[in-house]
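The values are calculated or read from the model by the stated rules, or taken from the named source; none is laboratory data. Every value quoted in this text rests on a predicted model; they were computed, and no experiment measured them. Counting neighbours? That spans all protein chains shown, and the Cβs are built from the backbone with ideal geometry, glycine included.
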Amino acid sequence: MRRLVILVLILLPFSGLFTSVPTFFFDDAIINTVIQVLVIVSLNVWLSIGTAWWLLFTETKWRTFIEWFLFLPLFIPALAGTFGMYIALARFGLVGTTIGVLIVLLVVTLPYSIRLAYNAMSVIGRPMFEQALFMPPLRRYRDVLFPLLSGTIQTIALMSTVIVLGQFVLIQLIGAGLISTVTTRLYQVYAGNDVALALQHTWLLILIPAVLYIAIGWGIRLGVKIVKGRL
Amino acid sequence: MGLQLTNIQKRFTKRDVLTGVDLFVKQGEIHALVGTSGSGKSTLLRIIAGLESPDTGTVTWDERSLLGVPAHERKITMLSQTPLLFPHLTVGENVVLATPDRSREQAEKWLTRVRLAGRYDDEVHTLSGGEGQRASFARALAADPRLILLDEPFTNLDPDLKYELQQLTRDIVSELDLTTLLVTHDREEAMLVADRVTLLENGTIHTTGTPRELSETEPTFGDFIRLEGELYPLTRIGVFSEGAGERVELVRHLVKFGVRLGEYRRPNGEYVILPSDVSQQIGQSYPLRKK
């Protein structure tokens, strides 16, 4: 009975999605969204694994401070950070630009990604990664780091995607209303009365991370297979 | 020719781990670095491997500095206490990964050499502790190193397996004429495996010598017997022919036997019996027999 209640609670928000058949469309908002997601996911994977590696291998008395500083955005309300970013980016003329939006999205996603990568590396253990140091860099990354961290990479990708797709205020503020994404469009649609249009955008918001997660997972599995096939 | 460490100093946050260490490992020799926990032996090994940098001092191989040379360019491999095989690869793939030309034949050759023939396609988690360590050893050898570093690789093994792996390691590195630096806290193990032994105490070199030299000069250096003119650590007590007749000369007080025990089980399962009904004294000889 308890399980049934939990199941109903989980499915309840989605029940409205099936009240009418959605029709799909393709416009600049979707293109912007997919590009943003792909860029942010790539940067997150690259920077988080690099930073986690550095944290794992660096011995310094400043270590605790550096960790605290890196994870600081996790403890500060996103909106407070957003206003700070707005002022900073405005000085560089990046407000209202795609690069400005990408930077701010990176700021809100990266601490989580670093945390994930660092935790995964800590569990696998420094000695295991040290064995990889005896191999040339290409082999180290391709044959050891990438397959060992493939699950983490997929999680970072999903988390970054979901965070990016969840940002409305941030993209509106830094994008100065000029950068259109599925999320920003969705809020406008919700403000109106067109249920079918709202449904289309909601489906998009659900499908984009799902498709990307499956695609990235498939890509990673294929990559690991290729790597193992070379051995 | 070989590895030369000069005036190596290393300080971690609040304490000096190594203070002016000088060490020379001749090419082709098996050199043991013996010290208690915290004496700095593993740190020294990590400095040689390129996993740590010394605060001062030099590390050279054939008079060419290794400082600043990344670990993968030093032609050095390292075996740790645990196998550290990559879990996403099979046993054989772990070894292939280390071979310079990614050769499956080479990997299978090394696996056979460490008595793991036919285990190429096995998953890493199916290996026992000793097998894992042997696979790890095969991987280290497959990289064609000029120096192999052994960081207490036998510590977590049961006595029989430990002895077997010690022998295997000794045989293979001798056969390959591979320079080997073994770090251990077990003095007996050092005596069994190494050509020369260095004692490290509180981050400084205490003494260096052959097992025979150390057994005669170092009061703390283990329990040894002289059997037919040769000096052996206790674990090497052997019965070389059937029946009684061999005599052992006690070189040091037999701590393990004391006067309480008269028999000792050798790693190969044989029993060696020393007389327990007499007070054992250094310099005296006693008959040795099989159980």
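Within region A:130-187, the set of residues being closer than 30 Å to A:Val224 by Cα, away from chain B (no Cβ under 14 Å), among the β-branched types (Val, Ile, Thr) and crowded, with 22+ Cβ neighbours inside 10 Å comprises A:Ile156, A:Thr161, A:Val164.
Between B:Leu67, B:Leu51, the distinction of being hydrophobic (A, V, I, L, M, F, W, C), out of contact with any helix residue (DSSP H, G or I) (no Cβ under 8 Å at 6 or more places or on another chain) and surrounded by fewer than 23 Cβ atoms within 10 Å (Cβ to Cβ) belongs to B:Leu67 only. May I ask you to list the residues in region A:166-185 that are outside any loop (DSSP other than H, G, I, E, B) and under 19 Å from the mean Cα position of the chain (by Cα)? Across region A:166-185, the qualifying residues are A:Gly166, A:Val169, A:Leu170, A:Ile171, A:Gln172, A:Ile174, A:Val182, A:Thr183, A:Thr184. Taking the condition of a type outside the set (Lys, Arg), at pLDDT 90 or above and farther than 21 Å from B:Leu51 by Cα, does B:Ala107 pass? Criteria met by B:Ala107. As a summary of the residue check, A:Leu105 satisfies the conditions (1) more than 14 Å from chain B (Cβ to nearest Cβ); (2) surrounded by fewer than 21 Cβ atoms within 10 Å (Cβ to Cβ); (3) not small (Gly, Ala, Ser) except for the one numbered (2).
Just need a number here: residues in region B:110-125 that are in contact (Cβ under 8 Å) with a residue 24 or more places away in the chain and either assigned to a loop (DSSP other than H, G, I, E, B) or more than 20 Å from B:Asp171 (Cβ to Cβ) (or both). Residues flagged as in contact (Cβ under 8 Å) with a residue 24 or more places away in the chain and either assigned to a loop (DSSP other than H, G, I, E, B) or more than 20 Å from B:Asp171 (Cβ to Cβ) (or both) within region B:110-125 amount to 10. The residue list A:Gly219, A:Gly125 contains one member that is surrounded by fewer than 21 Cβ atoms within 10 Å (Cβ to Cβ), modelled with pLDDT of 85 or more and over 15 Å from A:Trp53 (Cα atoms), which is A:Gly219.
With respect to B:Ser37, determine if the residue is outside any helix (DSSP H, G or I), surrounded by fewer than 22 Cβ atoms within 10 Å (Cβ to Cβ), touching a residue at least 24 places away in the same chain (Cβ under 8 Å) and assigned by TED's automatic domain parsing to the domain that holds B:Arg119. The answer is yes for B:Ser37. Taking region A:112-129 as the range and being in a helix (DSSP H, G or I) and at the interface with another protein chain (Cβ under 9 Å from one of its Cβ atoms) as the test, the residues that pass are A:Ile124, A:Pro127, A:Met128. For region B:63-98, a residue qualifies if it is modelled with pLDDT of 90 or more and more than 10 Å from chain A (Cβ to nearest Cβ), and the qualifying residues are B:Arg64, B:Ser65, B:Leu66, B:Leu67, B:Val69, B:Val91. Filtered by the rule that a residue be touching a Ser or Thr at 6+ places or on another chain (Cβ under 8 Å), surrounded by 21 or more Cβ atoms within 10 Å (Cβ to Cβ) and not hydrophobic (A, V, I, L, M, F, W, C), region B:81-92 gives a lone residue, B:Pro83.
It is to be established whether one or more residues within region A:29-42 are farther than 30 Å from A:His201 by Cα and crowded, with 16+ Cβ neighbours inside 10 Å. No: region A:29-42 contains no residue that is farther than 30 Å from A:His201 by Cα and crowded, with 16+ Cβ neighbours inside 10 Å. Taking the conditions (1) within 24 Å of A:Gly229 (Cβ to Cβ); (2) of a type outside the set (D, E, K, R); (3) outside any helix (DSSP H, G or I) in turn, B:Pro145 satisfies each one other than (1).
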